[in-house]
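These notes concern the structure reproduced below.
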Amino acid sequence: MSVFEIKHPLVQHKISLMRGKNMSTRSFRQLAAEVGCLLTYEATKNLELEDFQMEGWDGQLTGQRLVGKKATVVPILRAGIGMLDGVLELMPSAKISVVGLYRDEETLEPVTYFEKLTSDISERMALIIDPMLATGGSMNKTIELLKEAGCNDIRALVLVAAPEGIAKVQEAHPDVDIYTASIDDHLNEDGYIIPGLGDAGDKIFGTK
Ligand SMILES: O=P(O)(O)OC[C@H]1O[C@H](OP(=O)(O)OP(=O)(O)O)[C@H](O)[C@@H]1O
Ligand SMILES: O=c1cc[nH]c(=O)[nH]1
Ligand SMILES: [Mg+2]
């Protein structure tokens, strides 16, 4: 498995803005979608293409089109919804498979409360989206649910990742690649990523 920390200047500029203390809900939400879009661009870089003959404005030409597996986007509720519009900008036809999880504030263990996956998920590449990879519990649980449903091409897109969470996913699921705008420093005693973004769900939904 590989971890890709996207160093593109636009990504670094936008993720730094998101770290600001006084971000409005509107700006945070917009940036989450924009960085989600840029991570999608990176995570789909190796999709397979085939040549095909087509009629152009000046006659026949050889075009290229995507072949192979189609995609399903998997937002982890709630915060993953904040990246969804940005991902769909690039993949407007993708099916959406929703996983609802929250992290128990005491134990930091994931609690599943919703799961609705596309029926043909075993034939699709899954792009899991969640702004935060902290302890890795929520991501690992989601990957388990997808694998149990037969999915075997899984990529994780997170705005910010903690080294602890990356290690946990790598250990349990070495086949899953992670794309992130930033590998941050560490987790604090409450399981928050430092420097991180704060509580991404609350910032996207304006609930705090
Ligand atoms: O790596 P972990 O330690 O599992 O933590 C990361 C999870 O925590 C946050 O969700 P949260 O539980 O706050 O729920 P929310 O999206 O509904 O706000 C975040 O969006 C991830 O899903
Ligand atoms: O730093 C963190 C960790 C978990 N969930 C968040 O929203 N932020
Ligand atoms: Mg969550």
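Condition check for residue 44 on (1) within 16 Å of ligand 3 (Cβ to nearest atom); (2) among the polar types (S, T, N, Q); (3) surrounded by 17 or more Cβ atoms within 10 Å (Cβ to Cβ): one failure, at (1).
For region 123-135, enumerate the residues that are within 14 Å of ligand 3 (Cβ to nearest atom) and buried (at least 24 other Cβ atoms within 10 Å of the Cβ). If the condition is that a residue be within 14 Å of ligand 3 (Cβ to nearest atom) and buried (at least 24 other Cβ atoms within 10 Å of the Cβ), then 128, 129, 130, 131, 132, 133, 134 are the ones that fit. As for region 71-81, it holds at least one residue that is more than 22 Å from residue 197 (Cα to Cα) and either at pLDDT below 95 or more than 12 Å from the chain's Cα centre (by Cα) (or both). Against the list (1) within 16 Å of ligand 3 (Cβ to nearest atom); (2) in contact with a Lys or Arg (Cβ under 7 Å, 6 or more places away or on another chain); (3) among the charged types (D, E, K, R), the condition residue 141 fails is (2).
From the list 62, 135, 118, the one residue that fits, being in contact with a Leu (Cβ under 7 Å, 6 or more places away or on another chain) and at pLDDT 95 or above, is 135. For region 121-194, list the strands (runs of 3 or more DSSP E) that sit wholly inside it and hold at least 2 residues that are in contact (Cβ under 8 Å) with a residue 12 or more places away in the chain and either closer than 21 Å to residue 100 by Cβ or more than 17 Å from the chain's Cα centre (by Cα) (or both); which are they? Per the criteria, 124-129, 153-161. Taking the criterion of being β-branched (Val, Ile, Thr), within 14 Å of ligand 1 (Cβ to nearest atom) and assigned to a strand (DSSP E or B), the residues of region 94-120 that qualify are 98, 99, 111, 112. Considering region 163-205, the residues that are of a type in the set (A, V, I, L, M, F, W, C), crowded, with 17+ Cβ neighbours inside 10 Å and within 16 Å of ligand 3 (Cβ to nearest atom) include one that is farthest from residue 40 (Cα to Cα), namely 187. Taken over region 65-83, the criterion of being within 16 Å of ligand 2 (Cβ to nearest atom) and either aliphatic (A, V, I, L, M) or within 19 Å of residue 149 (Cα to Cα) (or both) is satisfied by 75, 76, 77, 79, 81, 83.
In region 102-122, the qualifying residues are those that are among the aliphatic types (A, V, I, L, M) and within 26 Å of residue 41 (Cα to Cα), and the one that is surrounded by the fewest Cβ atoms within 10 Å (Cβ to Cβ) is 121. Here region 1-42 is the region considered, the condition is being out of contact with any helix residue (DSSP H, G or I) (no Cβ under 6 Å at 6 or more places or on another chain) and among the polar types (S, T, N, Q), and the residue that is farthest from residue 70 (Cα to Cα) is 22.
Only residues that are on the phi < 0 side of the Ramachandran plot and near ligand 2 (Cβ under 6 Å from one of its atoms): list them for region 187-208, please.
Matches in region 187-208: 192, 193, 199, 200, 201.
The values are calculated or read from the model by the stated rules, or taken from the named source; none is laboratory data. On a predicted model such as this, the values are computed, not experimentally measured, just so you know. All Cβ positions, even for glycine, are placed from backbone atoms using ideal geometry, and neighbour counts span all protein chains on display.
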